[in-house]
Structures are given as structure tokens and as C-alpha cells.
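Take a look at the structure below.
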Amino acid sequence: MRKQWSILAIAGVAAAGIHGPVSAAEQYPTKSVRFIVPYPPGGGSDITGRAIAVKLNEALGQTFVIDNRPGATGLIGTQIAARAPADGYTILLADAPHTINALVYAKPPYDAIKDFAPINLLATSPQALCAHPSFSVSTFKELLAMPRAQTEKLAMGSSGLASGPHMLYEWLRLKTGLVLNHVPYKGGGPSLSDAVAGQIPLVMNAVPASMPFLKSGRLKAIAISSAERHPLLPGIGTFQEAGVKDFVSFQWYGVFAPAGTPPTVVALLNREINKALNSPEIKDRFVSLTLDPAPGKPEAFLKFLQDEDTRWRDVQKQVHVRLD
């Protein structure tokens, strides 16, 4: 009798082991969720993450706590997320440097694709090559027509070595032969400030950061990196219009979980984030920031990431940018 009870007890424990994690995933979340933003408060990633966190709080009845972990262009916070338990209680807000960082460090602390479960692409925005209003040319074709001896002396600011704007310039240089004097700053804000002040003639940055200066006339856009003209900048041509074939790139924001996070949790977060992205509040907020909401499935986000990885891997092989 005692032996029979033992067998039944063991069977019961085994069944609980099988069904326990599934039940937990179905009930998720039962406690607060850590939402890592690998940048300081107040920037585009932080603003985007907080807007989504508020909607997830409302929809799921638990607090999604923003945890700002800045440093090394997002590398530090992303590494923390990659090493977190894959239980759905740590998620990550990442942006364009996510794939680039894993390529430019000699010993990257994570794999941008394999170490994460993509949940949602949140929003995209093109990058823009901007100039001080006094700069002699106003279109990218005119810039390309300038003698190389002149363009090599033209300072172009970016938000840092191996940043999205810097790598976009390197890709542009490979495609067109345009050589500028790249000046890496410690952030996009300082580079834009120096361009507005006339300290440098050119700056590459994302449209949301550049837009206030474009609206006020303190900067002018030479070209943008979208496939078509942006509705908020209808008078600004794309790089493709200027003859740079297949030159499309975006600043983007997306949400990840550590690899191995239960698919039911990923599906739940994807569903609720898509609802948030389609809500009038988020749409209006993102449009005001010059961000284009990008709801979709995790599979589409993974394909987007793979394309990003392929592009920047190819650029990196040719330009050999390194951060060590």
C-alpha cells in the first residue's frame, strides 16, 4: 500500500512538473515586470519604452517597471537582459545599435539574434543628413557633385563611433564614394547642437531628434534614408531619389525577451503591444515624435532583425569599425 502511494505521489509530482510552467505562462504576469531601457531617462528609447509600459500596466494589471541601464551605446543594459531568467519578467527596449554593437566589439557579450526572443517592432523613423542653413548645397545630388578635395574637409557629426548614424554614413560612403570628415560625438544631442551653431556644416541623425531644428529653420535636410519621402518632410528627397540604389535604413525601437522565454508569454506581450500601438493615444504620441508605429508579429520582427544584421555585417567587413 505504501509502495502504491509512493508511485502515485511520484506520478503526481511529475505531472506537476510537466504542467506547472505552462500554467504559469498562461497566468502571466503574476508580479511586476522589469523593463530594461539601456539608455538614460529622457531620450527616444526611454520615452518610447515608458509609453508602452503604461499601456501594458493598464492591460495586464501588473507594473512594468522601467529600469534605465545606460552605457556603451546600449551594450550594458542589453547584456543584463540577455543574461536574465527567460521567464517573461525581464524584457528589453532596444534600438538600431542592437545588431551593430554585436558586430563592432571584438568579444561581444551577446548575440543580437540568438540570445533574444523578439516580441515587437514598435516604431521606425528614417535618418537624415542635415546641414547648417548657410551650407552651400541643399540636395544630396549637389553634395555628390562637389569635388572630393572639398568634401573630404567637410566635418560631418554623428552620435558616436559605431553609432547608427556613423554606420549609415559608412554604408553611404561605400555605395557612393562620398568621403566626409567624420566627427564622432558623445551622443546625438551634442552633434546637432554644434551643427545648429555652425561649428560643423553637416550632421547625420534620426529624424525625431532633428525635426525641431528642421521646423525652426536652424537646420536644413539634405536627404533622408526612407524608401519614400516622409509625409512630415515632403520637400526633402530620399537618398534613393538621388541615385543611391537600395539605400533604405531606419532608426527603430523594439521589445525583446531573453531567448527561451515561453512562447505563450511572447504571444501575450505581442498581442497587447500591438493593441497599444493601434490605440489613438500611442499613435498620436508617436506621430508627435516623428515615429511611425510598426505593429506586427514576432516572426516579422525577427526577419527585420536578420536583415539588419546582414546589412551591418557586410558594412563592418568592409570598414572594420571596432570598439574595444
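Remarks
- Relative contact order [Cα under 8 Å, 6+ residues apart], the chain, whole percent: 25
- Neighbour counts of other Cβ atoms within 10 Å put Tyr28, Tyr39 in the fewest-to-most order Tyr28, Tyr39.
- Low-density loop positions, trypsin sites (Lys or Arg not before Pro), the stretch 105-181 - DSSP coil, at most 13 other Cβ in 10 Å: Lys114, Lys153
- Proximal aspartates and glutamates relative to Lys283, as straight alpha-carbon distance under 14 Å, when same-chain residues fewer than 8 apart are discounted: Asp292
- Summary value for the stretch 126-224: 48 percent relative contact order, contacts being C-alpha pairs under 8 angstrom separated by 6+ residues.
- Amide H to amide H distances under 5 Å link Ile222 with Leu129, Cys130, Ala131, where only residues 5 or more positions off or on other chains count and H is placed in the peptide plane.
- Close lysine pairs were tallied over the stretch 126-224: pairs 8 or more places apart or on different chains with Cα atoms under 20 Å apart number 5.
- Helices in the chain, meaning DSSP H runs of at least 4 residues, each add -39500 (n - 2.57). Divided by all residues, the mean residue ellipticity at 222 nm is -14000 deg cm²/dmol.
- Dividing the convex hull volume of the alpha-carbon atoms in the stretch 126-224 by its residue count gives 83 Å³ per residue.
- Relative to the dominant Cα principal axis of the chain, helix 263-277 is inclined by about 50°.
- Computing mean projected area of the Cα convex hull in nm² for the structure here picks out one of (1) 20.6; (2) 18.7; (3) 16.0, namely (2).
Bear in mind that the values in this text are calculations on the coordinates, not laboratory data. For clarity, every value in this text was computed on a predicted model and none was experimentally measured. Positions of Cβ are backbone-derived with ideal geometry, glycine not excepted, and every protein chain shown enters the neighbour counts.
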